[in-house]
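Comments concern the structure below.
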Amino acid sequence: MDVRFLGGAGEIGRSALCIDERLVLDFGMDSGNPPAFPIGDVDPEAVVVSHGHLDHVGSVPALLSGDARPEIHWTPPTYDLTMVLARDTLKLHGGSYDCPFTEAELARVAEVSETHGYEESFEAAGYEVTFFDAGHVPGSAHVLVDDGDTRLLYTGDFHTEDQRLLAGTTARPDADVVICESTYSDVTRPPREEIEREFVESLRTTIWEGGTVVVPAFGIGRTQEVLCLCEAYDLECYVDGMGKRVTELFLREANRGYLRDPDLLRRAKGNARFVDGRDGQRRRIAEQNTVIVTTSGMLHGGPAMTYVPAIRSHPTNKIAMTGYQVEGTPGRDLLETGSAEIDGRMLPVSAQVEQYDFSAHADRDGLRDFLSAYEDTRVLVNHGDRCAAFAAELRTDGFDAAAPELGDRCEC
Ligand SMILES: [Zn+2]
């Protein structure tokens, strides 16, 4: 097998691999400013997608330009999430260089889509391919590609610890080569229950003191995770932004089976009040003694642009971030400097600002736990900003490990 790294090598964003110039695994986009897309030209026979996050699927419709009609294989939730994300990209950037595809290309996705469940092998571009539950977001998969000679396992993004929404990955299929994500290879997190307890305690305190809490959360996975927490701890909340649509989507018949407990999310949805944003509703909610879960998770758009300015002046209020804040985002600026550019205006924030790590990625221990099943297997490290350092650590511990660079080809 000849594996070409078109993106996600030594970086996070625009994940893309090409096998023997026939099969593409993931085709993402980096939503930075300016956005970045996979490098090089590809004309695959088939495409296989690990999960529905922008950095893994964002450029997929661009593979359907001209006469090209490769089949696209994914799980049902990944298909649905890709459509939501792609429509969003078109709405934000359609017709500019920042959007890698056209409306017509997006419309073709449904024609070539083929959905598969976990552990049901299928054929793609002449390979036998199997998905295994990766425990990252609903529908996320490790992808095993077998050409009859070599078995390549592409982990995609994964989590080894249980979340409310999903159980951690337990799948360790036999493989000859593993391409492994390494997002948090230098982070060791406290147990999830501890982070949950601190988060809930903090929300309760603010409510008790008469304040409003804004919880910026990614629409896919994180919003639903926070809603499940609010339900479990009996906290009233509102939900706004892309997370509303995604919550509905996860509860669809075809997708429910990808949740750890569909009934929990159904109850969490019942506990949360959905905001439609009409007639100044957001401003009124921001004056209430309540919790508001909203996109965007890093404060660069979405209804948070209304809520944050509305609550920022009062120190009783709180902004409780739920994930990592990328450098250069308003969320990161707010954490580091106490002010941020919100919707084009630089705003000082007197409200309390906190951060909780509800990551859906394995931390250092989780990565090592996963890789302990592959001590005699060649490991190629990708999807991280210290891939080479992590590969070197693995080599010290006896692994045959390397960190390919962007554009590299590896014979596997
Ligand atoms: Zn992901």
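Tabulated data for the structure shown
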quantity: Inter-residue pairs, beta-carbon under 7 Å, first in contact (Cβ under 8 Å) with a residue 60 or more places away in the chain and away from the ligand (no atom under 16 Å from the Cβ) and in segment 43-70, second of a type in the set (Lys, Arg) and not in a helix (DSSP H, G or I), 6+ apart; calculated: 44/22; 45/22
quantity: Test for residue 351: is it closer than 28 Å to residue 188 by Cβ and modelled with pLDDT of 95 or more; calculated: no
quantity: Residue 87 under 19 Å from residue 26 (Cβ atoms), open to solvent by 30 Å² or more (accessible area, probe 1.4 Å) and away from the ligand (no atom under 16 Å from the Cβ); calculated: no
quantity: Pairs with Cβ under 6 Å, 6+ apart, first in segment 275-297 and over 18 Å from residue 220 (Cβ atoms), second surrounded by fewer than 12 Cβ atoms within 10 Å (Cβ to Cβ) and not polar (S, T, N, Q); calculated: 289/210
quantity: Residue within segment 218-239 that is part of a helix (DSSP H, G or I), of a type in the set (Val, Ile, Thr) and either open to solvent by 20 Å² or more (accessible area, probe 1.4 Å) or touching a residue at least 24 places away in the same chain (Cβ under 8 Å) (or both) present; calculated: yes
quantity: Number of the condition not met by residue 227 [criteria: (1) touching a Cys at 6+ places or on another chain (Cβ under 8 Å); (2) more than 30 Å from residue 14 (Cβ to Cβ)]; calculated: (2)
quantity: Only one of 350, 359, 372 that is under 30 Å from residue 398 (Cα atoms), open to solvent by 30 Å² or more (accessible area, probe 1.4 Å) and of a type in the set (S, T, N, Q); calculated: 372
quantity: Test: residue in segment 134-145 that is touching an Asp or Glu at 6+ places or on another chain (Cβ under 6 Å) and outside any loop (DSSP other than H, G, I, E, B); calculated: no
quantity: Count of segment 111-145 residues which are closer than 19 Å to residue 173 by Cα and either within 16 Å of the ligand (Cβ to nearest atom) or open to solvent by less than 30 Å² (accessible area, probe 1.4 Å) (or both); calculated: 20
quantity: Of the criteria (1) surrounded by 15 or more Cβ atoms within 10 Å (Cβ to Cβ); (2) within 20 Å of the chain's Cα centre (by Cα); (3) away from the ligand (no atom under 16 Å from the Cβ), which one residue 108 fails; calculated: (2)
quantity: Of all residues making up segment 328-379, the number that are touching a residue at least 40 places away in the same chain (Cβ under 8 Å), farther than 17 Å from residue 216 by Cβ, assigned to a loop (DSSP other than H, G, I, E, B) and acidic (Asp, Glu); calculated: 1
quantity: Segment 146-187, residues that are assigned to a loop (DSSP other than H, G, I, E, B), within 16 Å of the ligand (Cβ to nearest atom) and either of a type in the set (A, V, I, L, M) or out of contact with any Gly (no Cβ under 9 Å at 6 or more places or on another chain) (or both); calculated: 155, 156, 157, 165, 166, 187
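For every residue, the table says whether it meets (1) polar (S, T, N, Q); (2) more than 24 Å from the chain's Cα centre (by Cα); (3) open to solvent by less than 60 Å² (accessible area, probe 1.4 Å).
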| site | (1), (2), (3) |
| --- | --- |
| 280 | no, yes, yes |
| 288 | yes, yes, no |
| 296 | yes, no, yes |
| 300 | no, no, no |
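The values are calculated or read from the model by the stated rules, or taken from the named source; none is laboratory data. As the structure is a prediction and not an experimental result, all values here were calculated from the model. Note: ideal-geometry Cβ built from the backbone for every residue, glycine included; neighbour counts use all protein chains shown. Each accessible area value is taken on the protein alone, full model and side chains, heavy atoms only, with ligands, DNA and RNA left out. Shrake-Rupley method; radii C 1.70, N 1.55, O 1.52, S 1.80 Å.
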